[in-house]
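Working notes, structure below.
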Amino acid sequence: MSELAVDLTHGDAHHDDHADHGPQGWLKYLWSTDHKVIAMQYMFTGMFMALIGGFMAYVFRMQLAFPGIEVPGYFGSVSPGEYNALVTNHGTIMIFWVAMPVLLAAFGNYLIPLMVGADDMVFPKINRLSFQVFFVSTIVILASLVVEGGGFAGAWTAYPPLSADSTYNLTPLGSTLWLIGVGLEFVAFLLGGINFITTLMNSRAPGMRAFDVPIVVWMIVVASILFMLSVGPLLAGAIMLLFDQTLGTGFFNPATGGDPILWQHLFWFFGHPEVYVVLLPAMGVVIEIITTFARKKLFAYRTVIFTIVATGVLSFFVWAHHQFVAGIDPRMANIFTVTTLLISVPIAELCFIYIATLYRGSITLSTPMLWGLAFVAEFLIGGVTGIFLGAAGADIYFHDTYFVLAHFHYTFFPIAIIGTFAAFTYWFPKMFGKMMSERLGKWHFWFTIIPFNVIFIPLFVLGMGGQHRRIYNYQHFPELAGDGFQSMRIIATVALLVMLAAQFIFFYNCFRSWRAGAKASKNPWKANSLEWTTESPPPHGNWRPDRMPVVYRGPYEYSVPGREKDYWPQNEPK
Amino acid sequence: MNGFFELFHSEWFAPLIEVGSSYAAEIDGLIALVLVVVGFWFLAAQYMFFRFILKYRARPGRRADYISGKEKHLKRWITIPHLCVLAFDVLIVVVSFRVWIDIKMTLPENPDGVIRVIGQQWAWTFQHPGDDGELDTLDDIFTVDELHVQNDQLYHFILESTDVLHSFSVPVWRIKQDAIPGRSITGWFRPTKTGEFDVQCAEICGFGHGVMAARVWVEDADAHASWIAANTPLAAAPSSSPAPGVQ
Amino acid sequence: MRPIATTRAATGTATGKLAVWWVLASEVVIFGGLLASYVMFRLGHPEWADAAAVTNTYIGAFNTWVLLTSSLTAVLAHQAAERGDGKRAARWLYCTILGAATFIGVKTYEWWYEISHGYTITSNGFWAFYYSAAGLHAFHVIAGAVIMAFVARDAARGRELHRVELIGIYWHFVDIVWIFLFPLLYIAK
Ligand code: HEA
Ligand code: HEA
Ligand code: CUA
Ligand SMILES: [Cu+2]
């Protein structure tokens, strides 16, 4: 194996032509160190996992709408234990195997070298190792679903003692594999993050100063740093939890002298920064798209950088807002209310900047732009509902209700699904060399966005009505069993079915464009950043070694007065 | 000062869920305040957003303006709202503090009753003080998934768990507190509405989390007294005392 | 062939060095989380001192000395590499590996002794932390030594001499972690 790897790195030497060297076929694919190939590997794994996570949502939403039915496509009806396992793994997969690999790893890998004008990541082999570890973690998490006893069912937050002791959770193997899978995934992203950070720091094209870097690269790199600095304690915690599970130590289990709240601190110290880890890349993607399709310079570039740094720093001081009623010292809740509300300030500023960027623009509503704009409109709902939860007094009521659930789906869905589609449709021509169908793209857009709102608006109402999370059948609760509430559940589920069906449009569009789409030029959107100055798709090495780009200005010089063209690529001297 | 906070007592979402305790309206008021403040900014942002999208659509012959965001008269449009958001945050924080301190940081003294709530996989055990009003005496009434309290009385509850985390949640009272094995956590409530209400377990606790449902009966004085009388364990009833209710 | 990306240094610091520092940053928070948890527990459980009294401070001190010495040899290796003397650098690296081996050997004896006297990882909270924290550290020692062997092999042939410094930085980190572990696990009784 290592023989092969060594061979390949030689094969990876810079080409003068665009032909592929080295092993052919799937072997080449598996062992490639090219950042673009690795990006695709992450992306397709993420896409596959999105379908699994979406399927799980389908199964448990069917159970909620029509309790007890045999869910078509699932093995019979959903037992309470299966319900919990489905919810747990839906959350885990959507965050760690969809949002992270697609937004951070796939687009990070694809875009960073191209956008900073480098031919690859600085450590291609570590990059490949990162994907391989990730791939193993994917297999582990999938295996955890089918082992004896079933998948882990203690929620994605894995609070002990439930998660620590199999006499409580009844899934001895499932919970251990789940934990190992998540741990491996973290390691994969640590390896990837080192590449992202150092590539941006050191491998920028000649002439590219810090403030000439496209925002999306900044965002991905800041997100990687946030991840790196927050995940450590949880990794340590995961080791402790693993020992609790397998050896019977007593770190978190009060029965043996441990402290279950400690895990919650470790988890949320990571968990909250984590939500910004996935938020920032999506925010960055949207900036690239909005500036391109509004033909506008980004409003206040430097302020954007300051807001993300402020968000990053603040995000380390808000974690206990998930634990207001968890039995922590009540005085702490007040402190964390302050920090939580404070974090609304930089994020609000960022949202205002998006709006300001549209001001006096020249806006084209292409498919990527629709996704990008939808991100802003929908994320605002998710953001402002966070304020209800951040006020500790109100969170006494809202904690662990569907209001929280709707809050975070209004943040996560825009990020992981809308943001991903935005990025995917925007860079599709670059990645695959073909244009996508605008008509199909718009159908897909509307049939995803409208159902999305129809799913989750009712869930806000249910949450305000006192419906708690992770309950497989509300018929046990007279206050929640009424027809009014049940019909809202049914509406949400039906909307989900529509949305899932709409994804076929997307896959059909991808497939058709890939096979028969119009050929994409180098720069179909007339954008400025460096990835648009090379072929579509870019050859190995991205540019010819003797023609590596040199940078003269920032990436948002659109509609500069006095110039004939309304864009000004970063690498054009004049 | 108190008058100021009275502003934030409301029952605005009573149509969805009843207001059943002394502090429920306080919480609802805070939620209403956040709704108004955040709602205003939300609508303002969405309004500007969609206005710009509609107004500045690409038209032949018109170019976008070149605006860097450094122009003072334009930057204002970001900075001022940004400071306003900060100011409104302070308002929310102040009211939230008030609510939080009332409910979670103060324990009103001299309760009319103390009950113990014990979570375990997957049922709630309630320990009522019985006729003598004291916990841990012979006449305590233990029930499973069934809590009985008297309306308009101040109660303390002692929350415990025997195995994993659970969370004691009575939506109509707007009460929620996690139960932690190995600890007992004390809180309070004062029901203000008679009737029969749901108790949910709000923290995932394993296979049966979804069926960890209990009911609370809030009764007026007479009904509550007769419930106590009817359920006092025989062992505790003094042999000389007459039949329940006669006294 | 390395990608052009690897040969650039926009910050003026070599990429490898930057990367090592970021690796350390992520490691610092891992150990930081573990040790912070331990300290919180320790403050809440004064009775753990009884368990801590069992640990052998002399053995711990000896191992501290071993690690400090091995850090010194790592520095000497770096100096040799700076002068371009790969052979010598490799020799000092082998000395460092010897230090690592000694450390692990002593540790094995120590654990064997403790375990055979009934102090296992499940005995109580102190022992759980003792074995986990020291175990995680030992894992780093072993991993560092293995990587060092590869670096030394290359260095002996005069290749990749800059890596001698990188592994040295990592080694100092492993050393510093121990400097925190030693007082927390052995001295605080
Ligand atoms: C990427 C995902 C993401 C993002 C971006 C956010 C963003 C925020 N979240 Fe959310 N949150 C989650 C994902 C996310 N969250 C998840 C997954 C959970 C639940 C986990 C679980 O329990 O399973 C959760 C839970 C959660 C809780 C705990 C609820 C509970 O369990 O009881 C809280 C409490 O404070 C909270 C607050 C916030 C706040 C204040 C923000 C802020 O960052 C939002 C800031 C943005 C804005 C405010 C909008 C823009 C501003 C304006 C338009 C100006 C007007 C505003 C004001 C006047 C204030 N979130
Ligand atoms: C990124 C995060 C994310 C995403 C996207 C989603 C998406 C969805 N979620 Fe989920 N959810 C969580 C994160 C997420 N969720 C978390 C963290 C929890 C909490 C778990 C817990 O309690 O422990 C949760 C819990 C949760 C519950 C609560 C269950 C309960 O508590 O009882 C419900 C209930 O309705 C729900 C519904 C849905 C639905 C209907 C969708 C739908 O939007 C899904 C639709 C999916 C698709 C339409 C897939 C489309 C994507 C593609 C086709 C791929 C494209 C890819 C590329 C282009 C690369 N989710
Ligand atoms: Cu008990 Cu959930
Ligand atoms: Cu949070």
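The values are calculated or read from the model by the stated rules, or taken from the named source; none is laboratory data. These numbers come from a predicted model, not from an experiment. Quick reminder, even Gly has a Cβ in these numbers, built from the backbone with ideal geometry, and neighbours come from all protein chains shown. With ligands, DNA and RNA removed, areas are computed over all heavy atoms of the protein, side chains included. Shrake-Rupley method; radii C 1.70, N 1.55, O 1.52, S 1.80 Å.
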*How high is the FRET efficiency between A:S487 and C:F180 when r is their beta carbon distance and R₀ equals 51 Å, given to the nearest 0.05?*
0.30
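Taking the Cα centre of the protein assembly as shown as origin and charging only Cβ (+1 Lys, Arg; -1 Asp, Glu), how large is the dipole, in debye to the nearest 20?
In debye, rounded to 20, the protein assembly as shown gives about 5980.
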_Drop in accessible area of at least 40 Å² in the complex versus isolated chain, residues of segment A:215-233, 1.4 Å probe_ = A:M228, A:L229
*Report the FRET efficiency, 1/(1 + (r/R0)^6), for C:F62 and A:Q475, where r is their Cβ-Cβ distance and R0 is 51 Å, rounded to 0.05.*
0.15
*Can you give the accessible area per residue of chain A, in Å², using a 1.4 Å probe?*
30 Å²
*Per-residue mean of C-beta atoms belonging to partner chains within 10 Å, peptide A:248-259*: 6
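So in chain B, what percent of DSSP beta bridges are antiparallel if you round to the nearest 5? Intermediate values should be presented prior to the final figure.
Details: 27 of 40 bridges.
So the antiparallel bridges amount to about 70 percent of the total.
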*Stick to Cα atoms and the Kirkwood definition of Rh, then tell me Rg/Rh for chain B.*
1.19
*Of A:I343, A:A158, A:L373, which is farthest on the positive side of the dipole of segment A:3-547, counting Cα position, with +1 on Lys and Arg Cβ, -1 on Asp and Glu Cβ, and the Cα centre as origin?*
A:L373
*Work out Dmax and Rg for the protein assembly as shown from the C-alpha atoms and quote the Rg first, both in angstrom.*
30.5, 106
*How big is the gap, in Å, between the Cα center of segment A:372-437 and the Cα center of segment C:84-161?*
46 Å
*Helix A:367-390 versus the longest principal axis of chain A: what is the Cα-based angle in degrees, 0 to 90, to the nearest 10?*
40 degrees
*Identify which of B:L147, B:L159, B:L86 has the largest mean-square fluctuation in a Gaussian network model of chain B, with springs joining Cα atoms closer than 10 Å.*
B:L86
*Rounded to the nearest 20 Debye, what is the dipole magnitude of segment B:2-105 about its Cα centre when Lys and Arg each give +1 and Asp and Glu each give -1 at the C-beta?*
1320 debye
*Stretched out fully, how many nm does the piece from C:V146 to C:W21 gain, at 0.36 nm a residue minus the Cα gap?*
43.1 nm
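Quote the total accessible area buried by chains A and B together, excluding ligands, DNA and RNA, probe 1.4 Å, nearest 100 Å². Before the final figure, lay out each step's value.
On the way: alone 22720 and 15350 Å², together 30270 Å².
Roughly 7800 Å².
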*Dipole axis of segment B:2-105 (+1 Lys, Arg; -1 Asp, Glu on Cβ), positive-most option in B:A58, B:I31, B:V90*: B:A58
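Could you please state how large a percent of the accessible area of chain B is carbon and sulfur, counting protein chains only and using a 1.4 Å probe?
Ligands and nucleic acids excluded, carbon and sulfur reach 60 percent.
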*asked:* I'd like the FRET efficiency for B:R59 and A:R209, computed as 1/(1 + (r/R0)^6) with the beta carbon distance as r and R0 of 41 Å, rounded to 0.05.
replied: 0.70
*Projected onto the charge dipole of the protein assembly as shown (+1 at Lys/Arg Cβ, -1 at Asp/Glu Cβ, origin at the Cα centre), which of A:Q570, A:S144, A:W31 gives the Cα projection farthest towards the positive end?*
A:Q570
*asked:* For chain B, what is the number of Lys pairs with C-alpha distance below 22 angstrom, counting only pairs 8 or more positions apart or on separate chains?
replied: 4
*Using a 1.4 Å probe on the protein chains only, how many percent of the accessible area of chain A belongs to carbon and sulfur?*
69 percent
*Averaged over B:67-78, how many beta carbons belonging to a partner chain fall within 10 Å of each residue's beta carbon?*
5
_chain A, relative contact order [Cα under 8 Å, separation at least 6], %_ = 16 percent
*About the Cα centre, charge dipole magnitude for segment A:3-547 (Lys/Arg +1, Asp/Glu -1 at Cβ), debye*: 1700 debye
_Inter-probe distance in nm under a simple model that places probes 7 Å from Cα toward Cβ, at A:M332 and A:K125_ = 4.4 nm
*At a Cα cut-off below 29 Å, give the lysines reachable from A:K522, other chains included and same-chain residues fewer than 8 away excluded.*
A:K28, A:K36, A:K125, A:K296, A:K297, A:K430, A:K434, A:K442, A:K565, A:K574
_Accessible surface, chain B, averaged per residue in Å² (probe 1.4 Å)_ = 46 Å²
*For peptide A:293-303, how many partner chain Cβ atoms fall within 10 Å of a residue's Cβ, on average?*
5
*Once the Cα atoms of helix A:260-294 and of chain A are each reduced to a long axis, what angle between those two axes, in degrees from 0 to 90 to the nearest 10, is obtained?*
40 degrees
*Inter-probe distance in nm under a simple model that places probes 7 Å from Cα toward Cβ, at C:I104 and A:K565*: 5.8 nm
_Could you put B:D136, A:D34, A:D259 in order of accessible surface area, largest first, with the 1.4 Å probe and the full protein assembly present?_
B:D136, A:D259, A:D34
*Hey, for a label at A:F306 modelled as a point 7 Å past Cα toward Cβ, could you say which residues of segment A:204-231 have their backbone N under 16 Å away?*
A:211
*Just give the residues from segment A:347-378 buried by at least 40 square angstrom of accessible area in the all-chains context relative to the isolated chain, probe 1.4 Å, and say none if nothing qualifies.*
A:E349, A:F352, A:I355, A:L358, A:Y359, A:R360, A:S362, A:I363, A:L365, A:A377
*Specify the angular offset, from 0 to 90 degrees and rounded to the nearest 10, of the alpha carbon long axis of helix B:221-231 from the longest principal axis of the alpha carbons in chain B.*
50 degrees
